[in-house]
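No lab work stands behind these numbers, since they all come straight from the coordinates. This one's a predicted model, so the numbers in the text were calculated from it and none came from an experiment. In this analysis, Cβ positions are derived from the backbone assuming ideal geometry, glycine residues included, and neighbour counts consider all displayed protein chains.
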């Protein structure tokens, strides 16, 4: 382990003891993010109070799987698997001839919430293949409910715009994240991007109707 990391860990341990806070080493994980191409560093294992901390390749934090290569494939695969399991219950409800409104509400509450969880964090940097895997879940749900459902790309844009507007209205967030001018420019850029996409599509045709993601 390199010096600065060890010193920060010791500082944290000292401060924790002063407030009677004890670290649960069995639940502590070490995740190394090394972006160098050759990856020549040989990292020594972290030891706390004589116990070696487990080193992992990915870690789930606040519902998001963070991988050591900073890719989102592991996270999106986990979301797709969990969402596909919920499709079974949606099909069962359809077999009972429940109204379309009930099926759509079930999708929104149990499946869409999985796909949209923290979407502003990971969707923008996910690969095309990962997005398509998630979008196939949405298309399957459309076939079950016989209704049009919001695609992931549109939802991602809307949530980013909502978050940006909150930053504009909150002075404290402007200081820590983005200035109001930059945020407004992002919102304007998104609106212009959507208008350009709509202008390129044939009349009477929309990106969500095609069932494909717009990259």
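Here is how the numbers come out for the structure above:
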item	result
Stretchable slack from residue 100 to residue 17, in nm (0.36 nm times residue separation minus alpha-carbon distance)	24.2 nm
Chain lengthening between residue 120 and residue 139 when straightened (0.36 nm per residue, less Cα-Cα)	4.7 nm
Residues 106, 59 arranged by fewest to most Cβ contacts within 10 Å	59, 106
Neighbour-count ranking [beta-carbon atoms within 10 angstrom, fewest first] of 12, 122, 72	12, 122, 72
Order of 109, 160 under a 10 Å beta carbon neighbour criterion, fewest first	109, 160
Point-to-point label distance, residue 10-residue 31, nm (Cα→Cβ direction, 7 Å offset)	2.7 nm
Per-pair calculated FRET efficiency, R0 = 22 Å: residue 64 and residue 162 via Cβ, rounded to 0.05	0.75
